[in-house]
Amino acid sequence: METYLVGGAVRDQLLNLPVKDHDWVVVGATPEILLKQGYKPVGKDFPVFLHPDTGEEYALARTERKTAKGYHGFSFHAAEDVTLESDLQRRDLTINALAVGANGEVIDYCDGQKDLDNRLLRHVSPAFREDPVRILRVARFLARFRGLGFRIADETLQLMCEMVKAGEVNALVAERVWQETERALGEKHPEAFFETLRSCGALQVLFPEVDRLFGVPQVKKHHPEVDTGIHTMMVLQQAAKLSDKAEVRFAALLHDLGKGTTKADILPHHYGHEERGALLVQALCQRYRVPNRFRKLAEHVARYHTHVHKAYELKPKTLLKVLNKVGAFRNPEHFTLFLLACKADSRGRTGFENRAYLQFEFYLGVLEACEAVNVQEVIAEGYEGKAISERLHQKRMAQIKLFKSNWEA
């Protein structure tokens, strides 16, 4: 029995990046042997075990065979006679098909080190086409490594296009699409994930609401980049710079979905796109069973981002309405994330990338002014029942008026 460190840990060591997880492959063993040594089984589809001391994953060397369409359409073979080379050759990318043995030497059957040096994401073998999740993984790896100069090999991108045309992407289950999407949103260049999906045709299948934004014009005065799809990718870039929260980045991605359904006769204007967009956000989130914290923020940003951009033009009544609708009093942190996404929207335009966005501070100031109103003081004044909320509303309005006059002064 021999064990090898494999995959991402080896790749990241060679790139001088922090190693988060250690995955191991065991050659020449059986499940019974590992169980006798105290390993705990966790794999349902194939033999994976947790080390009794470190808790790290140890998988028996295995091969796989495609038996049906989709992510689950595989049969696996794990036995003592499966070699390390056979195990590595079933992996997705050459840079992930690396191993290190007990002597510390890198084992590389697929030229993974060469592709690391050349900053290339390249598939190991034609078997890549058998698993549509690999399209999402390649896109996610580009989102992670674009800043290091990586690109997708032409032949790999071509293979991804062929897989999409063959309908493989249609077989992806919602949970796995969201899992890979959420992970990609957490990378340094999340926009690369969606650009990659678009370049192979998968964006139209998985996120048609985002795909149809490309080619839709906007008013050049406000959007020098004109194209709504390009603007959306720029906003996502800015969101990644402003916040490491995946929720903010997701909201940035979906903030303008309504512009994809604007009638041609009013273009390049997009009257009413906010409400249309919020409904599309709801549908997309339902389709992929997106967690509520993502859905709520994305919906609020889609519906109210222009209220933030036009903050100085709004009446106190409308400003207070936004605070209430977005839940600023119940959840100030959520409100801050909401404002960050709006800031990303403003900066996600050609020539606006570094421009100040004082609406962010303005709205926080409005919230702070309203919070100066003490509910207990209202009750102490003798108000009861519904009259309490009415009086609270009046006092908050007065505070907003005072704040606005001071801000303008």
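The values are calculated or read from the model by the stated rules, or taken from the named source; none is laboratory data. This one's a predicted model, so the numbers in the text were calculated from it and none came from an experiment. Note that we place each Cβ from the backbone using ideal geometry, even for glycine, and neighbour counts take in every protein chain shown.
Could you list, in sequence order, the residues of the range 78-102 that are of a type in the set (S, T, N, Q) and under 15 Å from Ala9 (Cα atoms)? Answer for the range 78-102, where residues must be of a type in the set (S, T, N, Q) and under 15 Å from Ala9 (Cα atoms): Thr94, Asn96. Just so you know, in the range 253-271 the residues that are touching a Lys or Arg at 6+ places or on another chain (Cβ under 7 Å) and more than 15 Å from His305 (Cβ to Cβ) include one that is surrounded by the fewest Cβ atoms within 10 Å (Cβ to Cβ), and it is Thr261. The residue list Val42, Val100 contains one member that is at pLDDT 90 or above and aliphatic (A, V, I, L, M), which is Val100. The lone criterion from (1) within 29 Å of Pro47 (Cα to Cα); (2) in contact (Cβ under 8 Å) with a residue 60 or more places away in the chain; (3) not β-branched (Val, Ile, Thr) left unmet by Arg183 is number (2). Select, from Pro208, Pro224, Pro217, the only residue that is farther than 23 Å from Arg91 by Cα and within 17 Å of the chain's Cα centre (by Cα). Sole residue among the options that is farther than 23 Å from Arg91 by Cα and within 17 Å of the chain's Cα centre (by Cα): Pro208. For Glu274, the conditions (1) surrounded by 14 or more Cβ atoms within 10 Å (Cβ to Cβ); (2) of a type in the set (Asp, Glu); (3) closer than 29 Å to Glu175 by Cβ are fulfilled apart from (3).
From the list Glu130, Glu105, the one residue that fits, being of a type outside the set (S, T, N, Q), at pLDDT below 95, more than 30 Å from Leu242 (Cβ to Cβ) and not assigned by TED's automatic domain parsing to the domain that holds Tyr58, is Glu130. For Lys245, the test of being of a type outside the set (Val, Ile, Thr) and in contact with a helix residue (DSSP H, G or I) (Cβ under 8 Å, 6 or more places away or on another chain) is passed.
Condition check ((1) under 22 Å from Leu279 (Cα atoms); (2) assigned to a helix (DSSP H, G or I)) across all residues:
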| position | (1), (2) |
| --- | --- |
| Trp178 | yes, yes |
| Thr181 | yes, yes |
| Glu187 | no, no |
| Glu191 | no, yes |
| Thr196 | no, yes |
| Gln204 | yes, yes |
| Glu209 | yes, yes |
| Leu213 | yes, no |
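Please give the number of the condition Arg289 fails out of (1) under 22 Å from Phe214 (Cβ atoms); (2) not polar (S, T, N, Q); (3) not in a helix (DSSP H, G or I). Tallying (1) under 22 Å from Phe214 (Cβ atoms); (2) not polar (S, T, N, Q); (3) not in a helix (DSSP H, G or I), Arg289 fails exactly one: (1).
Of all the residues in the range 1-47, those that are of a type in the set (Ser, Thr, Tyr) and not in a strand (DSSP E or B) number 2. For Glu168, the conditions (1) within 22 Å of Cys285 (Cβ to Cβ); (2) acidic (Asp, Glu); (3) touching a residue at least 60 places away in the same chain (Cβ under 8 Å) are fulfilled apart from (1). List pairs: first residue in the range 222-237 and more than 20 Å from Arg146 (Cβ to Cβ), second residue of a type in the set (D, E, K, R) anywhere in the structure, Cβ distance under 7 angstrom, at least six positions apart or on different chains. Sorted first by the residue in the range 222-237, then by its partner, the pairs are His223/Arg349; Pro224/Arg349; Val226/Lys220; Thr228/Asp256; Thr228/Lys259.
Just one of the listed residues (Leu319, Leu339, Leu358) is crowded, with 20+ Cβ neighbours inside 10 Å, among the aliphatic types (A, V, I, L, M) and out of contact with any Lys or Arg (no Cβ under 9 Å at 6 or more places or on another chain), and it is Leu339.
Results for (1) farther than 26 Å from Arg396 by Cα; (2) surrounded by 20 or more Cβ atoms within 10 Å (Cβ to Cβ); (3) basic (Lys, Arg), shown as yes or no for each residue.
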site	(1), (2), (3)
Lys241	yes, no, yes
Ala251	yes, yes, no
Leu279	yes, no, no
Arg295	yes, yes, yes
Tyr304	no, no, no
Val308	no, yes, no
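Listed here are the helices (runs of 4 or more DSSP H) enclosed by the range 293-409 that have at least 1 residues being touching a residue at least 12 places away in the same chain (Cβ under 8 Å) and over 30 Å from Val219 (Cβ atoms): 332-347, 359-371, 375-380, 386-408.
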